[in-house]
């Protein structure tokens, strides 16, 4: 036993030197090289342009079509319910809290929306408060258009809100590096994925390997640990990554988020949850057994159904969660 | 309700995703865990055959009035013997 321990120790001492010699350059770079480093977006249009990934579809059509079907493609609008929820966040929360500084939509700043936007639109952090106000104004206008049956305004605002989403550049650039002091900041013009090299695109001429593109921590940035308490008035919806680490992995689970939601499901970039038939089948075992029995209670004999129901969570995180 | 209304103080917490910054205890179904229920459903008088229909619903907003989702179901016709005492 003692000899074995000494050999392991020697291996630990020797390995780092060899490892450092072979290390590649970090995938990221200085903070000033980020997409948002030059200036903050002052309008929704500027924010959309800052993270415009519409040119990706030319070569990545299948991934684009998959993504279009996912809620990532309309992360602010959702089914309409998400957009409406931004408004009720203001009415039922911000405007009621005495120290939020918000009485109405005109008072809203980026910090007020980050409770929602930290996941639904993380790039809002790269915008000025004017964008936060414009988003709220657009949501109010969209809801007014619904009430007044003003289809032209409805469609205009809906399109504007749907333009704010979790697109290619959000995952393959902005969120592609978590530990930025270690790996560098994601650089403008670089698409982060599984390879290094040239990328045949004028806007994004380089590819770089993201250290986390295949790791659950990539998704964990939004589908969070939780409850996260980092905001001045914390709010939290998703705690999936926390339960993934502390229950699923701790009990021997080995799959990553991407393995189930992208590969095993066959959904690729159309990441879904329970409404997808493939995810639905994988997520849960459900079993019921029923039999008839007679029950004699003194002089009375009564028949009953003995029904046993069991459900087992086969997902890699708590249900429900997101 | 898009923001927490309960703040993990004393004995008060809320239901739903928005309330997770005010959780006191997590009561969801955790990975690999099994939840079992057993029911005894008495036959109505004179009835010897009963159709059992079990439905598992996911209620993202807590009620059947708001976006309910039928997740699984089970059907079985259960009969009891018509002889004996």
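FYI, it's all coordinate maths here, none of it is from the lab. Nothing here was measured: the structure is a model prediction, and the numbers come from that model. Ideal geometry is used to build each Cβ from the backbone, glycine not excepted, and the neighbour counts take in all protein chains shown.
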Can you compute the modelled spin-label distance between residue A:195 and residue A:293, with each label point 7 Å from Cα toward Cβ, in nm? 6.3
Per the C-alpha gyration tensor (a ≥ b ≥ c, the square roots of its eigenvalues), segment A:221-322 is rounded if a/c is under 1.5, else prolate if a/b beats b/c, else oblate; here it's prolate
If you average the sequence gap of Cα pairs under 8 Å that are 6 or more apart and divide by the length of segment A:31-169, what percent do you get for the contact order? 35
Cα centroid distance between segment B:15-85 and segment A:86-151, in Å? 38
Residues of segment A:248-278 with backbone N under 16 Å of the label point set 7 Å from the Cα of residue A:60 along Cα→Cβ are A:258, A:262-263, A:267-271
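Largest first and in whole Å, what are the equivalent-ellipsoid semi-axes of segment A:158-277 based on the Cα gyration tensor, each being the root of 5 times an eigenvalue?
Calculated on Cα positions only, the semi-axes equal 25, 18, 18 Å.
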Taking neighbour Cβ counts within 10 Å as the exposure measure, how do A:88, A:182, A:128 sort from fewest upward? A:182, A:88, A:128
Where both residues lie in the protein assembly as shown, what percent of DSSP beta bridges are antiparallel, nearest 5? 85
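With an 8 Å Cα cut-off and a minimum separation of 6 or more residues, compute the relative contact order for chain A in percent.
Once normalised by length, the contact order is 17 percent.
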For segment A:145-187: rounded, prolate or oblate by the Cα gyration tensor [a/c cutoff 1.5]: prolate
When A:222, A:237 are ordered from fewest to most other Cβ atoms inside 10 Å of their Cβ, what list results? A:222, A:237
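Which of rounded, prolate or oblate describes chain B when judged by the alpha-carbon gyration tensor and an a/c cut-off of 1.5? All intermediate terms of the calculation are to be shown ahead of the outcome.
Details: a/c = 3.12, a/b = 2.65, b/c = 1.18.
Prolate shape, in that a/c is at least 1.5 and a/b is the bigger ratio.
I want the antiparallel fraction of DSSP beta bridges within segment A:263-313, as a percent rounded to 5. Please report the intermediate quantities before stating the final value.
Working: 14 of 14 bridges.
Antiparallel bridges: around 100 percent, rounded to the nearest 5.
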Span from the segment A:254-310 Cα centroid across to the segment A:179-205 one, whole angstrom: 43
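So for chain B, averaging the separation of alpha carbon pairs under 8 Å that are six or more residues apart and normalising by length, what relative contact order in percent results?
This gives 20 percent for chain B.
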Across bins of 5 angstrom width beginning at 0, how are the C-alpha pair distances of segment A:31-169 distributed, in whole percent? 2, 10, 18, 22, 20, 14, 9, 3, 1, 0, 0
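Taking segment B:37-79 on its own, what percent of its Cα-Cα pair distances exceed 14 Å? Please report the intermediate quantities before stating the final value.
Working: 556 of 903 pairs.
Of the Cα pairs, 62 percent sit more than 14 Å apart.
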For the pair residue A:181/residue B:35, report the inter-label distance in nm, with labels modelled 7 Å from Cα in the Cβ direction. 4.2
Using only the alpha carbons of chain A, determine the length spanned along each of the three principal axes and report them from longest to shortest in whole angstroms. 87, 79, 45
Ranking of A:259, B:46 by count of other Cβ atoms within 10 Å, fewest first: B:46, A:259
Estimated inter-spin distance, residue B:65 and residue A:254, nm [label 7 Å along Cα→Cβ]: 4.9
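If each DSSP helix of 4+ residues adds -39,500 (n - 2.57) and the sum is divided by the residues in chain A, what number results at 222 nm, nearest 500 deg cm²/dmol? Don't skip to the end; give the middle numbers.
On the way: 11 runs with 109 residues, N = 322.
Result for chain A, helices only: -10000 deg cm²/dmol.
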